[in-house]
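First up is the structure itself, then whatever we jot down about it.
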Amino acid sequence: MMAQPRQRASRTVRDDATPTLVAAEDLLAQLEESLARLASAREDAEREPLLAQARESLAKLRGALGESGDLSALSAFLQRDAEHHKAALARELHDQLGGILTPAKMDLAWLRMRLGSEAQYAERMARLDALIDQAIDLKRRIIEKLRPSLLDHLGLAAALRWYVEEECGKAGIEPHLEVDARLGRLPAEIEIACFRLAQEAVDNTVQHARASHLDLTAERVATGLHMTISDDGAGIADVEAARRISRGLAGMHHRVRSLGGAIDVHSPSGTGTRIEISIPLDTPAANT
């Protein structure tokens, strides 16, 4: 019986959907097509060029797969390094700016006690007080973006709830969250990765989707952690093209792969976007 060439499935964006692995998939299809033609060849003269083509495709495939492994390891290292620097910068901003703004607020209070009754000073001090408050709030928001304190102190569930409700509230989007009570505390690398994945998905909805509702679920399942983020926005016209040109989507795929997980992005144009993420909890990363 003649071997059948491999059928190329229609693609949704999965965890292996990086340019290198898409190239590997194409090479695999070429290899299987060559093998199918080789199996049907009747003469040695036909077989030789087909065999050479199959060997060439196999060599390229090995190279592509080796490259993908290197890229995945490099991506994991860069992500850990970036999170380390973000946490260090957040601590420095908290300490240094806190050491500037808190005394400024106290000194202003001292001045208001002594000069606040004089009209020529009261308006300016009120404006200065408001500016200091704005600076304190800006410091808090920057620090929370760099390294959410809720994540470190209360865990993933609390951090997800805070971020989704705050960002959706500012954008006028109605959020709906279902976070498994059994989620508990997870290893730090898993918690920050899951938070960053949700953060990227929520930011995409807020900035681009023109959505009115956002749903997020996070639960423990037999295989680990499963998280779904969906909206009712405009969707993505071409998911595969977006995967190649969007740093956000590419970063999500690399982050999930570094944890041995899987990600599916479903986005029929005009019907919203649904992102499903599965992270195993029995890997070395999950046990650190």
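The values are calculated or read from the model by the stated rules, or taken from the named source; none is laboratory data. Keep in mind it's a predicted model, so treat the numbers as computed, not measured. No Cβ is skipped: glycine too gets one built from the backbone with ideal geometry, and neighbour counts run over all protein chains shown.
Brief remarks follow.
- Just one of the listed residues (Glu174, Glu178, Glu166, Glu83) is free of Cβ contacts under 8 Å to residues at least 12 places away in the same chain and among the acidic types (Asp, Glu), namely Glu166.
- Subset of region 149-163 (residues that are free of Cβ contacts under 8 Å to residues at least 40 places away in the same chain and either within 20 Å of Gly233 (Cβ to Cβ) or buried (at least 22 other Cβ atoms within 10 Å of the Cβ) (or both)): Ala159, Tyr163
- Being free of Cβ contacts under 8 Å to residues at least 60 places away in the same chain and more than 24 Å from Glu92 (Cα to Cα) is a description that does not apply to Asp137.
- Contact annotation: residue pairs with Cβ atoms under 8 Å, 6 or more positions apart or on different chains, pairing a residue in region 183-202 that is farther than 19 Å from Gly260 by Cβ and in a helix (DSSP H, G or I) with a partner that is charged (D, E, K, R) and modelled with pLDDT of 90 or more, are Val202/Glu167.
- Any hit, region 207-217, residues being surrounded by fewer than 20 Cβ atoms within 10 Å (Cβ to Cβ) and touching a Lys or Arg at 6+ places or on another chain (Cβ under 7 Å): no
- Any chance Ile236 is out of contact with any Cys (no Cβ under 7 Å at 6 or more places or on another chain), within 23 Å of Ser149 (Cα to Cα) and not charged (D, E, K, R): no
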